[in-house]
Amino acid sequence: MTEKTVVQRASDAVKKEVSSYNELFQDSTSVDKRKTEYKTLVTNYYSVSTDFYEYGWGQSFHFANRFRTETLAESIQRHESYLALKMKIKPGDKVLDIGCGVGGPLRRIAYLTGAHATGVTISQYQIQRARAIGVPANCQFVQGDFMELPFEDNSFDHVYVIEAACHAPEKAKCFAEVFRVLKPGGSFVGYDWCLTDKYDKSNPIHNETKRLIEEGDGLPELKSTHQLLSDLKTVGFTVEENQIIPEGDIPWYQPLKGGDSFFSLNNLRASAIGRWLTRNMVWFMEKTWIAAQGSIGTLEILEKAAVGLVRGGESDIFTPYFFFLARKS
């Protein structure tokens, strides 16, 4: 991965986006407001956070179950390749990635399978980054909203999503759009962030953990695994497989805590001590106008995410990779 400095964007834009984002989490009625204004919520979140994700995590913005002999990067690659195997992609197939980020998984799946891969993201900044990183001949990146996909009916052989459907205000509507653009017989596979059966809505600690994950990760509202399956079936999909991916030897949230068995620069950056070092570096850069104004505000949002995710993982009330394989008849 090519190294890049933190926070590439103009100060006025970053500061405004951080302020607008935070306003959507200020009152008790904001769940409905976040759903109504999801475009602003998600666009602003990834406009301000993408640089930090690339800096601390790489070009694939997701978690993975992981085994003792694997580095974090290797587990992420395996996690993505698993989806390609489940879709049974053939060379030349047309594949769609909804919520593609800067295109790490899309490039890997395209290289692995020989498919023509299209990535769609609501974030214009992520499109800019994806194109700057590089667009293979069999790939393309399109700015668009997965609630209103900019493609004709029956356009794709397969569709996948990696930890992005959780940004949808109504998953059923998002899944209906996937169903529309998918060819008959095509598969829709993915991993998504969900609450598990251990989540207790009457437990204040559980609710605080849920709030931290939502506020730190640009989510309108976290839903359960059961709700996701119901939404798939409601729009016409046949669900062939579903499971919370079994944990490996190393908890998925371990990189956020630190103490990783494989030392690397990215592992350090993602850890608690790495985030502390980054915060102090960015504080100095913002104060001296090297980094955009609003950069510290962005890190405060991401620190809420890290705290909530670790709590959610340790209490087992949350999973980042509820796997599903659904098919359009």
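Data for the structure
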read-out	value
Rounded to whole Hz, the Karplus (6.51, -1.76, 1.60) HN-Hα couplings of region 223-229, x for glycine and proline	10, 7, 4, 5, 5, 4, 5
For region 199-237 versus region 62-123, the gap between their alpha-carbon centres in whole angstrom	24
Highest-MSF residue in the chain out of Phe175, Phe318, Phe67 [GNM, Cα springs under 10 Å]	Phe67
Per residue accessible area of the chain, 1.4 Å probe, in Å²	43
Of all accessible heavy-atom area on the chain, the percent that carbon and sulfur account for (1.4 Å)	53
Cβ-defined net charge surrounding Pro184, 13 Å radius [Lys, Arg +1; Asp, Glu -1]	+2
Globularity index of region 1-328, i.e. its alpha-carbon radius of gyration over 2.2 N^0.38 Å	0.94
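The values are calculated or read from the model by the stated rules, or taken from the named source; none is laboratory data. Remember, predicted model here, so these are calculated numbers, not experimental data. Cβ atoms come from the backbone with ideal geometry, glycine included; neighbour counts cover every protein chain shown. Side chains are part of the model used for accessible areas, which takes the heavy atoms of the whole protein and leaves out ligands, DNA and RNA. Shrake-Rupley method; radii C 1.70, N 1.55, O 1.52, S 1.80 Å.
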